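Everything below concerns the one structure shown next.
Just so it is clear, none of the values below were taken in a lab; they were calculated from the coordinates. Quick caveat, the model's predicted, so the values are computed rather than measured. Counting neighbours? That spans all protein chains shown, and the Cβs are built from the backbone with ideal geometry, glycine included.
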Amino acid sequence: MESIYGSRGRVSRAEYDRISEAYAAARFGPDATVGQMREAFAAGAAPAPAGVACERVELGGRPALQLTAAARDGHPAGGALLYLHGGGFVIGSAETGAGVAGALAARTGATAYSLDYRLAPEDPFPAAVDDTLAAYRDLLDRAPADRIVVAGDSAGGGLAIAMLLAARDAGMPVPAGVAVFSPWVDLTLSGPSIESRDGDDPLFTPADLTWYAERYLPGPDRDVRARAPLASPALADLTGLPPMLVQVGGRELLLDDAVRLAARAAHDGVDIVLEVEAGAPHNVQTSVGSSPAAEVLLDRAGAFLATTLGDLTRAEVQAFVR
């Protein structure tokens, strides 16, 4: 049987093809309601990993899950990780983010918080940004900024960057680092890959992204509002943001969202690591628990975040990324 691993912890194209086939089989039907989409998304989400304690809490006035792992490799647990789930700003919850948040807690030793921010269409932009900023403000009362990291996937990845911009502009200290997976950071839908990867992306079509964007930014002025920095952070000035890791798949409609975010970060003086996985579909990390490929990517993300917290030596980082 072919190993899914290539050299240095890379994942084979065959494994990414397997994940893509599963994604295509699980696509929402054209007549699915928002309620049905939310139920199906919740049913398919990865749970918190074994050995990670999960407790319902409140953060910034919103429900959240607190995920705590045992000390990692003899290192004392410490720090906090704010995790923002994906779902196009319309579906998802603290529970659907628990799998990745818990996996990152286990890899970093930080206490993770998966936030249940408000969703569109009931609560459109900027409600999710407001909730996330309030949660981060709450975390600052519990830990210094250099002991906090932030992560998110898909829409949650875009929300993570938007929250950092809002925190910076409010004069708040930014966290130690941020990791985003397949981030949706341009709601103007201007990335070339939205067209060039149409038909190759097994999960989304351009019409799907438009549908989500219309619910998050309703109204006839959506095209104008989509250019706002907190709606499309890939178009914003990112000066002053913390070290950033961006992971994205090569067959995604959102490939160029991630690439342009990384280029913008580099232009604005942000320490940036961009990882593009050839042949990978959207958000492989959320397959944690069912795909070894997710473990490989989360190993790298965990090492990055632990390094920004100052909790990994160079030798330990090299062990993570093989």
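Charge tally around MET244: other residues with Cβ under 15 Å, Lys/Arg +1 each, Asp/Glu -1 each, net -2.
Which whole-number percent of Cα pairs in segment 89-219 have a distance greater than 20 Å? Tail of the P(r) past 20 Å holds 47 percent of the pairs. Using the alpha carbons alone, the radius of gyration of segment 230-273 stands to its Kirkwood radius in an Rg to Rh ratio of 0.96. What nm value, rounded to one decimal, do you get for the distance between LEU274 and ALA170 when each label is placed 7 Å out toward the C-beta? Spacing of the two 7 Å Cα→Cβ label points: 3.0 nm.
Its Cα gyration tensor gives the chain an equivalent ellipsoid, and the semi-axes of that ellipsoid, as √(5λ) in whole Å with the largest first, are 26, 24, 19. Report the residue, chosen from MET172, MET163, MET244, that carries the largest GNM mean-square fluctuation when the chain is represented by alpha-carbon nodes joined by springs under 10 Å. Looking only at MET172, MET163, MET244, the largest GNM fluctuation is found for MET172.
Note on ALA53 and ASP123: with the Förster distance fixed at 22 Å, the Cβ-Cβ geometry gives a FRET efficiency of about 0.15.
Here the simple spin-label model places points 7 Å from the Cα toward Cβ, and for ARG27 and ALA43 these points are separated by 1.9 nm. For segment 97-155, the average shadow cast by the Cα convex hull is 4.4 nm², which is a quarter of the hull's surface. The per residue volume of the convex hull around the alpha-carbon atoms of segment 217-300 is 113 Å³. If you run the Gaussian network model on the chain, springs between alpha carbon atoms under 10 Å, then out of ALA228, ALA151, ALA103 the most flexible one is ALA228. A simple count of charges around ALA94, restricted to other residues whose Cβ falls under 10 Å of its Cβ and scoring Lys, Arg +1 and Asp, Glu -1, yields 0.
Specify the inter-centroid distance of segment 234-300 and segment 112-145, based on alpha-carbon positions, in whole Å. Segment 234-300 and segment 112-145 have Cα centres separated by 21 Å. Taking TYR16, TYR113, TYR83 in turn, the Gaussian network model of the chain (Cα-Cα springs below 10 Å) assigns the largest fluctuation to TYR16.
With contacts taken as Cα pairs under 8 Å and at least 6 residues apart, segment 7-321 reaches a relative contact order of 19 percent.
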